[in-house]
1. Taking the conditions exactly as written (of a type outside the set (Gly, Ala, Ser), at pLDDT below 90 and farther than 27 Å from LEU161 by Cβ), does ILE111 satisfy them or not?
2. Given (1) part of a strand (DSSP E or B); (2) closer than 25 Å to VAL82 by Cα, where does LEU187 come up short, assuming only one miss?
3. Just to be sure before I move on: is TRP169 buried (at least 18 other Cβ atoms within 10 Å of the Cβ) and either more than 25 Å from HIS53 (Cβ to Cβ) or not assigned by TED's automatic domain parsing to the domain that holds PRO61 (or both) in the structure I sent?
4. Being free of Cβ contacts under 8 Å to residues at least 40 places away in the same chain and under 16 Å from ALA123 (Cβ atoms) is true for just one of SER217, SER158, SER168, SER223. Which residue is that?
5. Quick one: THR192 ticks every box in (1) under 20 Å from SER50 (Cα atoms); (2) out of contact with any Pro (no Cβ under 9 Å at 6 or more places or on another chain); (3) among the β-branched types (Val, Ile, Thr) except a single one, so which number is it?
6. Out of the residues in the stretch 75-93 meeting the condition of being within 15 Å of ASP32 (Cβ to Cβ) and surrounded by 15 or more Cβ atoms within 10 Å (Cβ to Cβ), tell me which one is modelled with the lowest pLDDT.
7. Of ALA123, ALA185, ALA208, ALA143, which residue is under 19 Å from LYS90 (Cα atoms) and surrounded by 18 or more Cβ atoms within 10 Å (Cβ to Cβ)?
8. Considering the stretch 34-63 alone, what residues qualify as being outside any helix (DSSP H, G or I) and in contact with a His (Cβ under 9 Å, 6 or more places away or on another chain)?
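The values are calculated or read from the model by the stated rules, or taken from the named source; none is laboratory data. What you are looking at is a predicted structure, and each value in this text was computed from that prediction instead of being measured. Backbone-built Cβ (ideal geometry, glycine too); neighbour counts: all protein chains shown.
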Amino acid sequence: MKKLLGLAISSVLFLGVATTVSAAEDTSKIDDLENKVNKQISEELNSHASENHIDVVFGTPSFKVNEDELENYNIDEIQEAVEEHIEDFKDSLNEYDLRNELVLDESIFSISSIKKNGSTYTAKVWAGVPGIGHGYINQDFTARVSSGTINSISLKGSSYLSGFTIGSWSHNRSWVTYKNNKKKAELRMKGTLTYGIPKTPLQGSLPATFLKTVKGSGSNVVSD
């Protein structure tokens, strides 16, 4: 049966007619499409981030075709939509440094919660994914700083997503690396973004590690 389907599909292609992706599409073709998309997303986004010194690293994506929606698309349309998504994602990454910020969490500022050389901060990094909204990956932490030296940073809870999004973020782990004799510190937030690629039947996940660099300033930490 698969051989007959393969011959039918080949005949349609030979006649120059657009190939419609349906639930009856050959499994190998679906696998090829998924593999191509996942490889393309990882390679292009990581290359763009590296070339433009953007502090985010992407892992291996895992996008799968929702076979219930296949009959509404054809292969060419899906590939074009994926390429459009990648280009939009690159444009969004270009905003990373512009939107990357460190904010003092004012909600903790009561007389009972303030301690000398200790404050609660939220490291925020831009994580807007085209088509699913605009948001930030956040990590709350406390820091002990004196004369511009970061004596210690303690992470509070897991990293989390904020903003206006229809996707989700699953925390994996966060960690701190001190630099320049503790004058600076790098906060990394590793997790997975889950969403559907617009204009396609592709849904899945994209692992990512976001970096926020801070430095000591007096008795506080500020964005580097």
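1. The answer is yes for ILE111.
2. (2)
3. Yes: the conditions hold for TRP169.
4. SER158 is the lone residue from the list that is free of Cβ contacts under 8 Å to residues at least 40 places away in the same chain and under 16 Å from ALA123 (Cβ atoms).
5. The single condition THR192 does not satisfy is (2).
6. Result: ILE75.
7. The match here is ALA208.
8. ILE54 - this is the single residue of the stretch 34-63 that is outside any helix (DSSP H, G or I) and in contact with a His (Cβ under 9 Å, 6 or more places away or on another chain).
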